[in-house]
Amino acid sequence: LAGFVLVVALISLSFGGAVGLMFLMLGCALPQYNQYWPLFVLFFYILSPIPYCIARRLVDDTDATSNACKELAIFLTTGIVVSAFGLPIVFARAELIYWGACALVLTGNTVIFATILGFFLVFGSNDDFSWQQW
């Protein structure tokens, strides 16, 4: 039963990622928008889990106290996520993209970052199915 639940979780995460990327591509490729500047948020999607992954490898989770390395990683991840939401707004204010495209990109950002968070919630525990085992 646990294996089935993990397969369902993995399929759900894949679906979430596909829906988020669909919104991003709609914000770029629809004929009325036709601007591909919002694709720069892909860099933020790639960069967002890196600080936390590095901190998980360096930090011993057996200690109940807070750790500066882990808190710095969460701070950097928060900065990356806020930048991913801010970039389309800056593009729209500078009139590089339309506000409708900005809304689609922000919707895609919400779905993608929820998917990334879901991945860490499902596979982040220290058990046999942890992503650290990969």
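The values are calculated or read from the model by the stated rules, or taken from the named source; none is laboratory data. Because the structure is a prediction, the values reported are computed rather than measured. All Cβ positions, even for glycine, are placed from backbone atoms using ideal geometry, and neighbour counts span all protein chains on display.
Tabulated data for the structure shown
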| quantity | calculated |
| --- | --- |
| Of the criteria (1) surrounded by 14 or more Cβ atoms within 10 Å (Cβ to Cβ); (2) more than 15 Å from Thr115 (Cβ to Cβ); (3) within 13 Å of the chain's Cα centre (by Cα), which one Ala92 fails | (3) |
| Of the criteria (1) out of contact with any Gly (no Cβ under 9 Å at 6 or more places or on another chain); (2) more than 10 Å from Pro38 (Cβ to Cβ), which one Ile112 fails | (1) |
| Selection status of Ala9, in a helix (DSSP H, G or I), surrounded by 14 or more Cβ atoms within 10 Å (Cβ to Cβ), modelled with pLDDT under 95 and not aromatic (Phe, Trp, Tyr) | yes |
| Positions within region 26-43 being surrounded by 13 or more Cβ atoms within 10 Å (Cβ to Cβ) and either touching a residue at least 60 places away in the same chain (Cβ under 8 Å) or touching a Ser or Thr at 6+ places or on another chain (Cβ under 6 Å) (or both), in sequence order | Leu26, Gly27, Cys28, Leu30, Tyr33, Gln35, Trp37, Pro38, Val41 |
| Residues (within 19 Å of the chain's Cα centre (by Cα) and either outside any helix (DSSP H, G or I) or on the phi > 0 side of the Ramachandran plot (or both)) located in region 12-51 | Ser48, Pro49 |
| Checklist (1) touching a residue at least 40 places away in the same chain (Cβ under 8 Å); (2) of a type in the set (A, V, I, L, M, F, W, C); (3) surrounded by 13 or more Cβ atoms within 10 Å (Cβ to Cβ) applied to Ala2, failing item | (3) |
